[in-house]
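Below is one structure, written out as structure tokens; the observations come after it.
The values are calculated or read from the model by the stated rules, or taken from the named source; none is laboratory data. What you are looking at is a predicted structure, and each value in this text was computed from that prediction instead of being measured. Virtual Cβ from ideal backbone geometry, glycine too; neighbours counted across all protein chains shown.
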Amino acid sequence: MPTAKSRYDLICETCGNPTGRRINHQCVECYLTSNLPSTIKNEDEPWVWANNFEPRSQFRKRTILDEATVALGRAIVDFRSKVSEDGKSVVIPLEKGRYEVPLTVEAIDKLAVRTGILGGKWLVYRVRDEIDSVWLTIARATFNRTLGTGAKVSTSEEDKAKRHVICIYTRNYLELDDVKRVRGLLKDMGFTESLCYKPDIYTYLDIYHETTSLSPCRYRE
Ligand SMILES: [Zn+2]
């Protein structure tokens, strides 16, 4: 009798069990438990990642961008921008000239829509002693496709007092229903404290508490 082909036709090189998905030759559980953020030095590996295994291209906008917009988007994701001296705008140097955008929520939303840089993340902070269990909760939910599109956790800095950050990604920060859906799930998982949501474009444009008057949190809930 021919047996039905197993869904799990890959083998984890750590536990030897069959698995449907592998990360670094390991099943999800072995990958997670052998990469706990408290055990990895930040200087060796700054982040540990989890994802929902959905192809990224699925979220990409299908519209064809014009050449100037492509160049602008590339300059942004290359972290080439600088906050102006008066702190009121961001200057993005381009091969031909420069692009200046006022540091307002509206102007940056427009730039995000134009360039398609629409991802963003909820941020969760925890001390060293708590980070591993909190990360496992979020990472497992992410791999199980019951949270955001991906997640990452910062690894251990030499200064033990420094908190770890977990980023829980959503595909489009202007899709408010999805942003709130993920926030609600985090609340159900016990993250009842006030959380900051930061768009990726804010990260690329160097918008931090210290650098600009614009809040780095597009949403807080
Ligand atoms: Zn395994």
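Residue-by-condition table, conditions (1) surrounded by 15 or more Cβ atoms within 10 Å (Cβ to Cβ); (2) part of a loop (DSSP other than H, G, I, E, B); (3) not β-branched (V, I, T):
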| site | (1), (2), (3) |
| --- | --- |
| V134 | yes, no, no |
| A151 | yes, no, yes |
| V165 | yes, no, no |
| L174 | no, yes, yes |
| S194 | no, yes, yes |
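Filtering E85, E95, E106 for residues that are outside the structural domain of Y197 (by TED's automatic domain parsing), surrounded by fewer than 13 Cβ atoms within 10 Å (Cβ to Cβ) and not in a loop (DSSP other than H, G, I, E, B) leaves a single hit, E106. Of the residues making up the stretch 61-82, those that are part of a loop (DSSP other than H, G, I, E, B) and surrounded by fewer than 13 Cβ atoms within 10 Å (Cβ to Cβ) number 7. Going by what's in this entry, would T19 be described as at pLDDT below 95 and near the ligand (Cβ under 9 Å from one of its atoms)? Yes: the conditions hold for T19. Within the stretch 23-38, residues that are at positive phi reach partners that are in a helix (DSSP H, G or I) and within 11 Å of the ligand (Cβ to nearest atom) with beta carbons closer than 7 Å, at six or more positions or on different chains, in the pairs N24/Y31.
Tell me which residues, restricted to the stretch 116-159, are among the charged types (D, E, K, R) and under 16 Å from the mean Cα position of the chain (by Cα). Explain how you work it out, then say what you get.
Quick first cut of the stretch 116-159, residues among the charged types (D, E, K, R) only: 121, 126, 128-130, 132, 140, 145, 152, 157-159.
Across the stretch 116-159, the qualifying residues are K121, R140, R145, K152.
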